[in-house]
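> Sharing a structure below in structure tokens format, with a few things to ask.
The values are calculated or read from the model by the stated rules, or taken from the named source; none is laboratory data. Not measured: the values here are computed from a predicted model. Here the Cβ is made from the backbone with ideal geometry for all residues, glycine too, and neighbour counts use every protein chain on show.
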Amino acid sequence: MSPEEKIKSGVWDRLRKLCEVVKGKRKVLIITHNNPDPDSVASAWALKYILQHFCKISSVIVYGGIVGRGENRAMIKYLRIEVKPFKDINLRSFTTIALIDTQPDAGNNPLPRSVKANIIIDHHPIRSSSKGAEYVDVRPDYGSTSSILAEYCLEFCKSAGKELDKKLATALFYGIKSDTRDLGREASEEDIRSVTGLYPLLLIRVLSKIEHPKVSREYVRAIDRAFKEGKVYRDALIADIGFLSNPDMIAEMADSLLKIEGIEWVLCLGRFNGDLYFSLRTNKRKGNAGRIAITMARGLGGFAGGHDMIAGGRFEEGRLTEEEKRELLFKIGERFLKSIKRQNITPSSIMEED
């Protein structure tokens, strides 16, 4: 059996299993991770499409937190994706729940720990709490969850003799593109295959609008703080960008800071709604960023996870004193530097001349 035939067979096995799980149900609740990025939104929308057209069941997409980053808001606006805040729905109205691009106990979705998810589709390393779900498709070797759902959609449409909705194709393409940083970060052959299949269906002008949105003044102020306050430890950079109205900006700043010549590691921190968030980035393909993030959070009351080159986490600061907050910040930075063997290095400013 060729690789293409294996993929086709695997997709149909999964689609049939998915429909078995939702058979006889009234409506499915699809939950993205908090403050959803393009990969999470696109893959949730693709699952809604499959449930509607193949399993013949309706669904609702919800998210926790906010949709803050400019590209994410533009994607939802221009592609007219229907998403709702989790707080606006009655959880008791749904008997079937799907977690997309997130998992139980990950600390980055609004599903209460007492409520079980029936469907889990993700590309992050599988958690033990996910294994008991009725339907689990977790593939950490994929660069994005959108690639998993793109396989579903492309194979279904090919078999049905129909063309995939161009708006959905554009969303999935951008979900893959953004999560893999233009296929340059942890992209697999499957990601490339999905992008190739989606490309002929793209709404190019709409995609351009999504990729190049206006930036807020807060974004400019965050960049200013990052460059003023950031500390360089040889080839590692730590930047605390303070309080924000948009937690997505922390990951956005981390991506931007990694572009600085000579920088191989970035730890960016910021505060939103009483919590301390961090994003970890590296150019090293075997950097084990996810493992490092988990190490940074262990025993400090935080949640963390990720892949080899990209990771992140969150700590609840609401009940901490100012002294405890400073101590937490110090421990996070100390653990990061120790994990990458950059401790005992006198830091310099980003703005210092070489």
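> Answer with yes or no whether K259 is at negative phi, in contact (Cβ under 8 Å) with a residue 24 or more places away in the chain and not hydrophobic (A, V, I, L, M, F, W, C).
When the stated conditions are applied, K259 does not pass them.
> Something else: Could you check the range 79-97 and list, in sequence order, the residues that are more than 18 Å from K167 (Cβ to Cβ), of a type in the set (V, I, T) and either in contact with a helix residue (DSSP H, G or I) (Cβ under 6 Å, 6 or more places away or on another chain) or buried (at least 17 other Cβ atoms within 10 Å of the Cβ) (or both)?
Selection gives T96, I97.
> For the range 279-296, check the following and say yes or no: at least one residue is in contact with a Leu (Cβ under 7 Å, 6 or more places away or on another chain) and not aliphatic (A, V, I, L, M).
Keep residues of the range 279-296 that are in contact with a Leu (Cβ under 7 Å, 6 or more places away or on another chain), which gives 280-281, 283, 289, 292-293.
This time we only want the ones that are not aliphatic (A, V, I, L, M), so: 281, 283.
Yes: the range 279-296 contains one or more residues that are in contact with a Leu (Cβ under 7 Å, 6 or more places away or on another chain) and not aliphatic (A, V, I, L, M).
> Does at least one position in the range 231-245 carry a residue that is assigned by TED's automatic domain parsing to the domain that holds G313, part of a loop (DSSP other than H, G, I, E, B) and either within 16 Å of K177 (Cβ to Cβ) or within 21 Å of the chain's Cα centre (by Cα) (or both)? Give the steps one after another, and end with the answer.
At the first step, the residues of the range 231-245 found to be assigned by TED's automatic domain parsing to the domain that holds G313 are 231-245.
Restricting the remaining residues to those that are part of a loop (DSSP other than H, G, I, E, B) gives 234-235, 244-245.
From what's left, either within 16 Å of K177 (Cβ to Cβ) or within 21 Å of the chain's Cα centre (by Cα) (or both): 244-245.
Among the residues of the range 231-245, at least one is assigned by TED's automatic domain parsing to the domain that holds G313, part of a loop (DSSP other than H, G, I, E, B) and either within 16 Å of K177 (Cβ to Cβ) or within 21 Å of the chain's Cα centre (by Cα) (or both), which makes the answer yes.
> Mind counting the residues in the range 88-131 that are assigned to a helix (DSSP H, G or I), touching a residue at least 12 places away in the same chain (Cβ under 8 Å) and not hydroxyl-bearing (S, T, Y)?
Looking only at that region, the number is 2.
> Kindly evaluate K131 against the criterion of being modelled with pLDDT of 95 or more, of a type in the set (K, R) and surrounded by fewer than 16 Cβ atoms within 10 Å (Cβ to Cβ). Reasoning before the result, please.
On the way: modelled with pLDDT of 95 or more: no; of a type in the set (K, R): yes; surrounded by fewer than 16 Cβ atoms within 10 Å (Cβ to Cβ): yes.
For K131, the condition - modelled with pLDDT of 95 or more, of a type in the set (K, R) and surrounded by fewer than 16 Cβ atoms within 10 Å (Cβ to Cβ) - is not met.
> Ok, one more. Of all the residues that make up the range 65-107, how many are within 27 Å of K25 (Cα to Cα) and of a type outside the set (D, E)?
Residues in the range 65-107 being within 27 Å of K25 (Cα to Cα) and of a type outside the set (D, E): 23 in total.
> So, one more: Taking R319 as the residue in question, decide whether it is without any contact (Cβ under 8 Å) to a residue 24 or more places away in the chain and either touching a helix residue (DSSP H, G or I) at 6+ places or on another chain (Cβ under 9 Å) or within 19 Å of L276 (Cβ to Cβ) (or both).
Working: without any contact (Cβ under 8 Å) to a residue 24 or more places away in the chain: yes; either touching a helix residue (DSSP H, G or I) at 6+ places or on another chain (Cβ under 9 Å) or within 19 Å of L276 (Cβ to Cβ) (or both): yes.
So R319 fits the description; yes.
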